[in-house]
Amino acid sequence: MPIVLTLASVLLQAGAEGFLSGRLDVTASLRLSLLAFLATTAVFTAVTWLRRRSRPGPPATAAQRARIRGLLWRMNIASTVTFLGFYLALAWVPAALGASLVAGVGPLAVLLMGTRAGTKPSGPVAWARAVLLLAVSLATAACIQPGLLLGAGPMVYAGAVLAVLAGFGAASLAVVSRRLGALGVDPTRVMAHRFHLTYVLATVLLVLRGGGGTSELSVGTTVITALVGVVVPLYLLQISVQRCPPLVTMVLLTALPGLTYMAQVAFGDAFRPPAAAMVVILVALTVVFALLEARPPRSVPSQVPVRSPRRV
């Protein structure tokens, strides 16, 4: 079930990002972030309040409450890095390239975080899969936008750096969400608390920018896109990541850039057969690797000594 929810979230996000590609400037990116995450916070705050009134849960200890608050603040920081970084990157790089960088570095980022935290070490096979996914993801982006970085301006490189940072933020979100799930925190509560810093910072940047911009998106279109492409898929993803190992989640999200390209084609972008072939390879690797990572570890049968028959 968590894998199905993640795939549904990926499909919705890919459709929204394919639609937004080429339609966002910096002002529109900040406006989308503000509307999407303020609406998400308001909706899930109301849902959390209603659930508490109808079904109050068991009281948590002071230590549990402190740990949950700390994790929710980490979610705020990681959400800000991930979503503001990515949506600002979309103002300077095509959606397929931005998504390739965000999703491609995700599995490697999870492995690096696990190594730094001193958790169970990952084997060389997991590292090899992560490197292969990053290489195929970048190759897919190169087929979608041939020669994009050759002779590109500094803003394209700045957008690429923001996308990589967003990838590390997404990996951190998966790790922290898994810990919140282990503590039994309801996903609606997480959604109600994780975006405070994001919409506040988006508001500050929007005010400092002073409006303007050349985006073709109306406010109504922005609201609908925010609902269908941000609020709903992020809730589905939040449910999933609290029940799924972080590495499995990030491997599944690697399919996002390929599906984003297909959405771009559906919205009028040029169709390139090499890019389509790479998308098929990328999605196939993503599904296979996610299923392999999700398999339970093999149990080693205990060696029971065989007693020789007693002589009478």
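The values are calculated or read from the model by the stated rules, or taken from the named source; none is laboratory data. Given the structure is predicted, the values throughout are model-derived calculations rather than measurements. Neighbour counts are summed over all protein chains in view; Cβ atoms, including those assigned to glycine, are modelled from backbone coordinates with ideal geometry.
At-a-glance table
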| read-out | value |
| --- | --- |
| Spans of helices (runs of 4 or more DSSP H) in the range 24-110 with at least 2 residues charged (D, E, K, R) and either touching a helix residue (DSSP H, G or I) at 6+ places or on another chain (Cβ under 7 Å) or closer than 22 Å to PHE267 by Cα (or both) | 26-54 |
| Hey, ALA62 surrounded by fewer than 24 Cβ atoms within 10 Å (Cβ to Cβ) and without any contact (Cβ under 8 Å) to a residue 12 or more places away in the chain or not | yes |
| All positions within the range 258-301 that are of a type in the set (Gly, Ala, Ser) and either within 22 Å of VAL131 (Cβ to Cβ) or at pLDDT 85 or above (or both) | GLY258, ALA263, ALA266, ALA275, ALA276, ALA277, ALA284, ALA290, ALA294 |
